[in-house]
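Here, each number is a calculation from the coordinates, and none is a lab measurement. Model, not experiment: these values are computed from the prediction. Cβ placement follows ideal geometry from the backbone for every residue including glycine, while neighbour counts extend to all protein chains displayed.
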Amino acid sequence: MKTITLAAITKSPLRRSLYHFTRARNLPGIAGLDRLAASVLLDPEHACGMHRTTLQQSRYQGRSVWLNAHLRITPEAMAPDTTPEQFRACLDRHVFLWPTERDCLAMAAMYSRREPGEHFAILKFSAYELLSDHFEHIRLSKYDSGSSPRYPHRMSYRKSCGMLLPIERFMEAAGHSIPTKPSEIKEVLVEQQLTSVSRYLQTVYCSDPGQVPGVWKPLFMPGYL
């Protein structure tokens, strides 16, 4: 079943890679540790769902890391049995990946407009291998889970931890708030941490080439951000 699931998810040429968006200044730490860690590990003080309102610097295993502020999620967007704090705590237990280049570039464009003086990077990974090696820790989302819709009363779903579908239940579970086919997968999430990132890394895109770690220089591609 695992092989069938992964083959279905990565069948389209447009979905054979996964993308992670980050700040360029985080690249040395990611390369040095060879992992992407969830916010709950990087910033334990906010592990209870506390709202991180500004960019925050932290230390993780001797490395400096910068965490984005949480996007505000209005209570009107939440399921009746879930508070914004509970949902933030749930999201902070995951590393976020985009299954399409287009969606990741949209995220990059949004941050670049908001912070024109900041440099950003995108890491492109081999989807099949990454999903296979982390299969038990993968969750799939049909929606942009961390966003706050402008008109929550018009939403066709409500946010809760239940919208994050374990990959082993993909194409078996049914529901309007979870993805039921590959084209509905908006986000791929990895619980706790994504390890051995260099094993899956295909390309590094960065608006400041000088911040690309030496070990990843051969994978650097200019002109993307």
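Data table
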read-out: Partners for K159 among aspartates and glutamates (Cα-Cα distance below 20 Å; same-chain residues under 8 apart left out); value: E76, D81, E85, D92, D103, D144, E184, E187, E191
read-out: Whole-Å distance, taken between Cα centres, linking the range 12-86 and the range 176-225; value: 14 Å
read-out: At R0 = 30 Å, FRET efficiency that the Cβ-Cβ distance of R158 and E45 yields, to 0.05; value: 0.60
read-out: In nm, spacing of pseudo-spin labels at S198 and D133 (7 Å Cα→C-beta vector); value: 1.2 nm
read-out: Solitary cysteines of the chain, where the nearest other Cys Cβ is not under 4.7 Å; value: C48, C104, C206
read-out: 23 Å tail of the calculated P(r), the chain, as % of Cα pairs; value: 47 percent
read-out: Nearest-20 debye value, the chain charge dipole, Cβ charges on Lys, Arg, Asp, Glu; value: 400 debye
read-out: Signed unit charges on C-beta, dipole axis of the range 17-116, positive-most listed residue A31, A89, A69; value: A31
